[in-house]
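Quick notes on the structure that follows.
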Amino acid sequence: MRTSLSSIRRIGGLVLLATAALLIQGYHPYAEDAEIYLPGILKTLNPSLFPANADFFGEHASHTLYPKLIAASVRLSHLSLPWVTLLWQFASIFLLLAGTWRLAAAFFQQDRARWGAVALMATLLTLPIAGTALYILDQYLNPRNLAAFAAVFAVAEVLHRKYAVALLWLVLAAAVHPLMSCFAIAFCLWLAVLDRYRPRVLGFAALLPLGIFDSPPPAYHEVALRQSYFFVLRWEWYEWLGLIGPVLLFWWLARLARRRGMENVELVSRAMIPYILVASIVGIILSIPARFEALARFEPLRCLALGYMVLIVIGGGLLSHHMLQDRVWRWLVLFVPLSLGMYLVQRQLFPASAHIEWPWAQPRNPWAQAFEWARENTPSDALFALNPRHMELPGEDENGFRARAQRSMLADAVKDKGAASAFPPLSVKWLEQIRDQENWEQFRKDDFERLRQKYGISWVVVEQPGPEGLECPYQNSAVRVCRFE
């Protein structure tokens with residue numbers, strides 16, 4: 001009975017912290033990489049959508065069960081897709097915090113330390129991971145979020161010596177995000193080996209699977225040049241700090257844990273050091289000769305995502321046990337300013353949008369309003385042209401056109417660039433369409449006519465005031481949506 005009551009309280013606490021995490025992090029279901037992942041779900045639900053350029057998101061969709069999983073959730077629940085993605089996002093946060101508790105239980109015996117780890121994770125979901133363009137957990141649903149909690153659970157089960165359960169979590173991670181799962185699989189294997197043999201030296205981490213592929217087309221070189229974070233030697237100085245800092249912290253934690261008899265903390269810390277160092281060496285090698293640039297897209301240093309999460313778990317546990325203790329005011333002094341700071345950063349990232357974009361609410365962002373008008377008032381087979389850098393424009397708040405409008409568009413220079421960098425054959429098509437949209441800001445009616453004749457575009461979205469001579473049935477303070485047939 002006592003165990004059952006304790007479990008109920010723990011679940012209740014996790015739900016409350018997951019709710020707080022959502023309020024701090026915000027929710028933007030159509031932002032950033034949702035432009036890559038959401039159209040895959042939409043096309044699974046309605047194959048008639050996106051008759052043109054679907055390969056810019058379809059390549060990702062075809063390599064994962066993620067779109068089928070979310071689409072099946074829509075069909076089984078009879079809820080709309082916006083509601084399903086919100087519920088899955090909340091479930092991802094809850095499961096990451098539950099995985100954090102499970103991992104903290106392998107490190108600490110005291111509940112206070114475990115709650116400290118969970119609270120710190122809930123606060124730092126949008127902590128940037130150095131040099132990877134990733135967060136701990138994104139503000140929108142995507143397969144990385146699912147792979148993140150699966151990876152944390154897998155590491156926790158390895159430490160609890162429940163290898164069959166760990167394998168199930170790794171299978172889930174691999175099913176939804178094959179690339180991110182590689183890092184979790186490599187670390188869990190290395191951790192199991194280090195745990196079994198307990199060598200006196202650190203040894204070497206398992207090499208991350210990079211694969212061997214055919215030479216990419218010449219166009220791929222231009223794509224690769226625009227993805228600077230693929231190449232470690234092009235990182236900024238502060239990104240190098242984000243790489244070196246965790247190695248030093250794990251070295252210090254390993255020494256601290258040995259002195260205090262914290263075997264699992266020492267084990268994980270000793271395992272993480274060579275794991276990150278080997279990935280760093282591989283990343284540096286791939287940054288030097290041009291012939292390796294097609295392999296650099298596998299980003300070996302995405303392993304830092306798992307490293308950061310483990311650091312948060314250990315750091316939160318140590319802080320709460322040794323410093324915060326049972327003093328409520330100390331918990332408030334730490335977490336209130338930290339939560340407020342993370343919240344304010346998120347508001348600055350999406351200043352023209354609601355902090356949480358609820359499924360029932362109308363968007364207040366004018367770009368989002370225009371995209372939704374296009375969804376409701378244009379044919380499903382329409383092909384749009386937009387400023388290829390529209391997601392980076394002030395006030396656009398990185399809203400994805402395909403994700404919101406559910407319409408095809410010519411390749412953009414922001415997210416479709418990521419697809420072309422991940423799948424080299426796409427680089428030829430991407431580069432051709434990007435070059436045909438160069439100098440977009442100076443486009444006139446005859447430029448759009450050229451795109452219509454070559455690609456068959458039937459609609460354009462232009463920033464206000466836009467060129468003269470276009471028939472635009474919709475406009476607002478930011479953009480005009482114009483028919484071009």
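Quick one: how many Å² of Asp446 are accessible to a 1.4 Å probe, rounded to 10?
110 Å²
Please report the antiparallel percentage of DSSP beta bridges with both residues in the chain, rounded to the nearest 5.
That works out to approximately 65 percent antiparallel.
Under a plain spin-label model, where a point goes 7 Å from the Cα along Cα-to-Cβ, how far apart in nm are Trp240 and Arg112?
4.1 nm
Just how much of Asp111 is accessible, in Å², when a 1.4 Å probe is used and the result is rounded to the nearest 10?
80 Å²
Skip the ligands, DNA and RNA, and give the accessible area per residue of the chain with a 1.4 Å probe, whole Å².
Ligands and nucleic acids excluded, the figure is 44 Å² per residue.
Which residues does the label zone of Ser477 cover in segment 348-373, counting backbone N under 15 Å from a point 7 Å along Cα→Cβ?
Hits in segment 348-373 for Ser477 at 15 Å: 351-354, 363-370.
Within the chain, which cysteines find no other Cys whose Cβ is under 4.7 angstrom from their own?
Cys182, Cys188, Cys303
How high is the FRET efficiency between Asp326 and Ser7 when r is their beta carbon distance and R₀ equals 22 Å, given to the nearest 0.05?
0.50
Helix 263-287 sits at what angle to the longest principal axis of the chain, using alpha carbons and giving 0 to 90 degrees rounded to 10?
Compared with the principal axis, the helix lies near 40 degrees.
Lysine pairs, Cα distance under 22 Å, 8 or more residues apart or cross-chain: how many in the chain?
Total qualifying Lys-Lys pairs in the chain comes to 10.
Which loop-located chymotrypsin sites (Phe, Trp or Tyr not before Pro) does segment 445-485 contain, where loop means any DSSP state but H, G, I, E or B and the Cβ has at most 10 other Cβ atoms within 10 Å?
Sparse-neighbourhood loop chymotrypsin sites (Phe, Trp or Tyr not before Pro): none present.
Which length gain, in nm to one decimal place, applies between Val345 and Asn439 when the Cα-Cα distance is subtracted from 0.36 nm times their residue separation?
30.6 nm
Could you order His355, His63 by accessible surface area, starting with the largest, using a probe radius of 1.4 Å?
His63, His355
Can you tell me the orientation of helix 81-107 relative to the chain, as the angle in degrees between its alpha-carbon axis and the longest Cα principal axis, to the nearest 10?
20 degrees
How far is helix 34-45 tilted off the main Cα axis of the chain, in degrees rounded to 10, range 0 to 90?
80 degrees
Treating only the Cβ atoms of Lys and Arg (+1) and Asp and Glu (-1) as charged, compute the dipole magnitude of segment 405-485 about its Cα centre; round to the nearest 20 debye.
Once rounded to the nearest 20, the dipole reads 240 debye.
Considering the dipole of segment 28-150 built from charges on the beta carbon (Lys and Arg +1, Asp and Glu -1) around the Cα centre, which of Ala61, Asn46, Ala106 is farthest to its positive end?
The one lying farthest along the dipole's positive direction is Ala106.
Considering only protein heavy atoms and a 1.4 Å probe, what is the carbon-and-sulfur percentage of the accessible area of the chain?
Its accessible area is 62 percent carbon and sulfur atoms.
Please list, in order along segment 341-358, the HN-Hα scalar couplings obtained from phi with the Karplus expression 6.51 cos²θ - 1.76 cosθ + 1.60 (θ = phi - 60°), rounded to whole Hz, x for Gly and Pro.
So the J values, rounded to whole Hz, are x, 5, 5, 5, 4, 5, 5, 6, 6, 10, x, 9, 10, 4, 4, 10, 8, 5.
I'd like to know which of Val345, Pro363, Tyr308 lies farthest towards the positive end of the charge dipole of segment 273-424, counting +1 on Cβ of Lys and Arg and -1 on Cβ of Asp and Glu.
Going by the Cα projections, it comes out as Tyr308.
Evaluate the distance, in nm, between pseudo-label points positioned 7 Å from the Cα of Glu468 and of Ala352 along their respective Cα→Cβ axes.
Rounded to a tenth, the inter-label distance reads 2.6 nm.
Counting other Cβ atoms within 10 Å, keep those with at most 16, restrict to DSSP loop, and tell me which chymotrypsin sites (Phe, Trp or Tyr not before Pro) in segment 352-394 are left.
In loop regions of segment 352-394 (DSSP not H, G, I, E or B), the sparsely surrounded chymotrypsin sites (Phe, Trp or Tyr not before Pro) are Trp360.
Report, in debye and to the nearest 20, how large the dipole of the chain comes out about its Cα centre when Lys and Arg carry +1 and Asp and Glu carry -1 on their Cβ.
Roughly 2260 debye for the chain.
May I ask what percent, to the nearest 5, of DSSP beta bridges between residues of segment 327-485 are antiparallel?
60 percent
Let me know the longest stretch in the chain that avoids all trypsin sites (Lys or Arg not before Pro) found in a DSSP loop with at most 16 other C-beta atoms within 10 Å.
1-160
The values are calculated or read from the model by the stated rules, or taken from the named source; none is laboratory data. Keep in mind that this is a model prediction, so the values were computed, not measured. We place every Cβ from the backbone using ideal geometry, glycine too, and count neighbours over all the protein chains shown. Side chains included, ligands, DNA and RNA excluded: accessible areas come from the protein's heavy atoms. Shrake-Rupley method; radii C 1.70, N 1.55, O 1.52, S 1.80 Å.
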